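S.K.: This is the structure I want to talk about, given as structure tokens.
Computed from the coordinates by the stated procedures, all read-outs in this text should not be read as laboratory data. Everything numeric here is computed off the predicted structure, so don't read it as measured data. Note: ideal-geometry Cβ built from the backbone for every residue, glycine included; neighbour counts use all protein chains shown.
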Amino acid sequence: MDREDFKYIWLLLKEITGREKKMAACTLLLSVLEAVNPYIAILCTGLLVDGAYRGEGLRALFSCAAAALALKLLVQILCSRLGEWFNQKMDYTRELDEEQLNRQSLFMDYEYLEDTSIQELRTRPLGRSFFGIRGWFLLQLKDSLKELLSALTAIAILFPMALQDGLDGERGGLSLLASLLLFLVIGVLVWGNYRAGIHYTRKSVEILDGLDGVHNKSAYYLDMLSGVESQKDLRINGQQGEINQDVGALFEASRKGEWRMGQMYIRRQFLNVTFPGISGLLVYLFAAVKAYLGQISIGNVVAYTASIIRLAQSASRFAICAGRMKSTADYARDYITYKNLEKKKQGTLFVEKRRDNRFQIDFEHVSFRYPGTEKDVVKDLNLSFVIGEKMAIVGKNGSGKSTFIKLLCRLYDVTQGCIKLNGIDIRKYDYQEYCTLFAVVFQDFCMFAFPLGENIASGARVEEGRAREALIRAGFGERLQSLGEGLSTCVGREFGQRGVSFSGGEKQKMAIARAIYKNAAFVIMDEPTAALDPLAECEVYAGFDRMVGKKTALYISHRLASCRFCEDILVFGQGQVVQRGSHEELEGKEGIYRELWNAQAQYYQ
Ligand code: ADP
């Protein structure tokens with residue numbers, strides 16, 4: 001464990017104690033009680049033996065035994081009640097992690113969500129421990145504290161005994177020396193065991209890191225093969241055999257990894273058993289010699305040997321916990337880093353409320369490259385939106401159309417240049433405020449397993465009349481009438497059989513309705529008709545003006561014919577606007593637009 005490890009352990013501890021104070025207090029109390037519990041019997045036995053040896057009366061011996069028994073009983077009851085409570089809480093520590101991580105995912109900058117190295121910070125620690133990060137940490141904390149306190153208690157018992165021996169003349173001095181030597185030998189064994197613990201933990205982490213890919217792929221196959229969507233393609237393309245082999249290979253890789261982990265565990269356990277065994281043997285020999293020389297009372301032999309054996313065991317177990325704490329520190333680092341990912345500088349300006357929707361957007365020398373990549377996918381883009389105009393964006397795949405939308409919606413910030421709203425850099429606006437300006441139907445839009453009305457209103461407060469009207473304008477009117485539960489119909493069957501599995505085209509209409517309902521100043525549609533049948537597609541084109549009204553609209557499509565109704569068409573090529581004009585103007589000119597138009601026209605005439 002280095003300073004960094006301690007730092008993350010400390011930060012995790014701060015987070016846990018800040019939120020689950022009772023759990024932290026319980027962990028502390030439980031470790032103290034579990035640590036001292038065995039010593040009650042050890043000390044009492046020593047006292048009783050010495051008392052009997054000194055010939056003390058039965059009454060005194062009984063009182064001593066009864067007091068010890070009562071104390072033991074009390075500690076035992078407390079341990080078991082607290083232990084039960086602790087275990088119950090452990091049932092949902094993982095859920096607590098998930099709750100925190102989900103919250104962070106919900107509010108973090110969008111670009112982090114597309115960054116796999118960032119997302120691994122979330123999946124890796126959760127994938128490693130059944131109890132989640134805080135559960136695993138609390139378990140290790142409890143065990144480490146318990147073993148540390150147990151070792152310290154043993155030392156506290158042993159130290160006066162060793163000193164007492166040392167004060168007893170020359171032989172006593174020799175005995176003290178021998179005691180110190182014994183402690184030294186045990187210390188070396190403990191240190192060796194600790195190093196071995198660290199070594200094995202590091203090796204285990206290496207194996208687990210190697211298995212990450214295997215587990216991710218297995219999880220992907222599990223997901224893929226439990227749904228029906230993929231099964232059609234697999235069957236028709238005869239891919240089952242290959243996938244079957246992959247599944248087998250993944251299982252084999254996983255089995256080998258687990259086997260290596262098992263081997264490591266056996267070696268580790270061997271050391272854990274051997275070390276206290278050797279220590280115990282040394283202690284018994286030592287105590288026997290001291291008793292033979294008359295340097296130690298019979299009662300002390302019991303307390304002495306039991307305490308040293310306990311010390312050796314605790315030291316050994318502490319070494320294991322310390323090794324595990326190292327992996328806990330790794331999980332804590334991932335978790336804390338994910339939770340503390342810095343947010344982009346958030347602007348504070350409010351967006352001016354304009355009933356006339358006169359919002360002017362300008363792209364000024366905008367360039368952008370995705371984080372971790374070397375190439376600009378948008379290059380020195382200069383562009384202004386004419387208010388109230390309907391603009392189409394076309395271009396080959398990968399020409400930067402969707403990226404352009406992401407920049408406009410501030411899912412990513414530009415790398416160079418700036419985008420302005422009414423003359424002010426959009427980064428200066430409050431992000432949530434800025435978002436209210438846009439209604440977007442993304443190419444890969446998502447409808448949620450909530451009631452239809454809530455999907456359209458994007459929240460629990462649904463203005464039913466408006467929601468119905470939006471659905472009708474998006475061409476969903478007839479289907480809405482056929483739904484027994486109307487706007488309350490649950491989209492999808494994830495939460496019950498009463499939900500309805502809508503087709504891709506139906507969901508696309510809902511997505512359009514959601515954009516209409518939002519009534520934002522800008523309407524952006526990225527391939528909004530891809531899943532619609534020709535009639536529904538025609539309805540969208542014919543009703544587009546009605547749908548977007550006087551708003552500024554951006555329409556992205558591969559189907560050039562569908563863009564003809566826009567007054568202004570932008571042609572994207574390699575992250576730049578390479579052509580601009582009306583359909584008639586562009587069709588008459590040499591360039592990408594004519595190339596694309598002619599290619600499509602061959603098949604659609
Ligand atoms: P279009 O919408 O015109 O098909 P995109 O804007 O989706 O094009 O993509 C433009 C370029 O950016 C492509 O080369 C694509 O591979 C790349 N790209 C898109 N998304 C990402 C991403 N999240 N990370 C890295 N590169 C990306």
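S.K.: Considering only DSSP beta bridges whose two residues both sit in the chain, what percent are antiparallel, to the nearest 5?
M.R.: 45 percent
S.K.: Between Lys217 and Asn598, what length in nm is gained on full extension when 0.36 nm per residue of separation is reduced by their alpha carbon distance?
M.R.: 132.9 nm
S.K.: Report the extension gain between Ser105 and Glu584 in nm, rounded to one decimal, defined as 0.36 nm multiplied by the number of residues separating them, less their alpha carbon distance.
M.R.: Here the answer is 167.8 nm.
S.K.: Using Cα pairs closer than 8 Å and at least 6 residues apart in sequence, work out the relative contact order for the chain, in percent.
M.R.: With pairs under 8 Å counted, the relative contact order is 14 percent.
S.K.: Something else now. Using only the alpha carbons, work out the radius of gyration and Dmax of the chain in angstrom.
M.R.: Cα radius of gyration and Dmax of the chain are 35.6, 119 Å respectively.
S.K.: According to the Cα gyration tensor, what semi-axes, each the square root of 5 times an eigenvalue, does the equivalent ellipsoid of the range 11-72 have, listed from largest to smallest in whole Å?
M.R.: Ellipsoid semi-axes (Å, largest first): 40, 10, 5.
S.K.: Cβ under 9 Å from Asn382's Cβ, Asn382 left aside: what net charge do those residues give with Lys, Arg +1 and Asp, Glu -1?
M.R.: -3
S.K.: So what is the relative contact order of the range 290-431, in percent, for Cα pairs below 8 Å that sit 6 or more residues apart?
M.R.: Relative contact order here is 27 percent.
S.K.: Compute the angle between helix 93-107 and the longest alpha-carbon principal axis of the chain, please, reported from 0 to 90 degrees and rounded to the nearest 10.
M.R.: 30 degrees
S.K.: Please compute, for the alpha-carbon atoms of the range 493-605, the extent along each of the three principal axes and give them in descending order in Å.
M.R.: 56, 34, 28
S.K.: OK, next. With each run of n ≥ 4 DSSP H residues scored as -39500 (n - 2.57), what mean residue ellipticity at 222 nm is computed for the chain after dividing by its residue count and rounding to the nearest 500 deg cm²/dmol?
M.R.: Mean residue ellipticity, 222 nm, calculated: -22000 deg cm²/dmol.
S.K.: With labels modelled as points extended 7 Å from the Cα through the Cβ direction, what inter-label distance (nm, one decimal) is found for Lys420 paired with Cys64?
M.R.: Using points 7 Å along Cα→Cβ, the separation is 9.2 nm.
S.K.: Still on this structure, please answer the following. Based on the inverse mean of 1/r over its pairs of different Cα atoms, what is the Kirkwood hydrodynamic radius of the range 254-410, in Å?
M.R.: 24.0 Å
S.K.: If you stretched the chain out fully between Asp545 and Lys343, how much longer would it get, using 0.36 nm times the residue separation minus the C-alpha to C-alpha distance?
M.R.: Fully extending the segment from Asp545 to Lys343 adds 68.9 nm.
S.K.: Around Gly280, under 15 Å between beta carbons, what's the net of Lys plus Arg minus Asp minus Glu among the other residues?
M.R.: Value of the local net charge: +2.
S.K.: Based on the alpha-carbon gyration tensor of the range 285-338 and its eigenvalue square roots a ≥ b ≥ c, which shape applies: rounded if a/c is under 1.5, prolate if not and a/b is larger than b/c, or oblate?
M.R.: Prolate, because a/c is 1.5 or more and a/b exceeds b/c.
S.K.: What is the range 343-398 by shape, rounded, prolate or oblate, if you read a ≥ b ≥ c off the alpha carbon gyration tensor as root eigenvalues and call it rounded for a/c under 1.5, prolate for a/b larger than b/c, and oblate otherwise?
M.R.: Taking the square roots of the gyration eigenvalues as a ≥ b ≥ c, the range 343-398 is oblate.
S.K.: Here is a further query. Just tell me which lysines come within less than 28 Å, Cα to Cα, of Lys22; anything on the same chain fewer than 8 places away is out.
M.R.: Counting by Cα, and skipping residues close in sequence, Lys22 has these lysines nearby: Lys7, Lys14, Lys72, Lys89, Lys142, Lys146, Lys326, Lys339.
S.K.: Further question on the same structure: If you fit an axis through the alpha-carbon atoms of helix 132-166 and take the longest principal axis of the Cα set of the chain, what angle between them do you get, 0 to 90°, nearest 10?
M.R.: Value to nearest ten degrees: 20.
S.K.: Something else now. For Phe131, project a label point 7 Å along Cα to C-beta. Then give me every residue of the range 57-98 with its amide nitrogen under 18 Å of that point.
M.R.: Answer for the range 57-98: 79-98.
S.K.: Okay, next question. Starting from the amide H of Gly573, placed 1.01 Å from N in the peptide plane, find each other amide H under 5 Å away whose residue is 5 or more places distant or on another chain.
M.R.: Val578
S.K.: Once you sort the root eigenvalues of the Cα gyration tensor of the range 87-131 as a ≥ b ≥ c, which label holds: rounded (a/c under 1.5), prolate (a/b larger than b/c) or oblate (the other case)?
M.R.: In terms of gyration-tensor shape, oblate.
S.K.: What's the angle, to the nearest 10 degrees (0 to 90), between helix 21-54's Cα axis and the longest principal axis of the chain?
M.R.: In the chain, helix 21-54 runs at an angle near 10 degrees to the longest axis.
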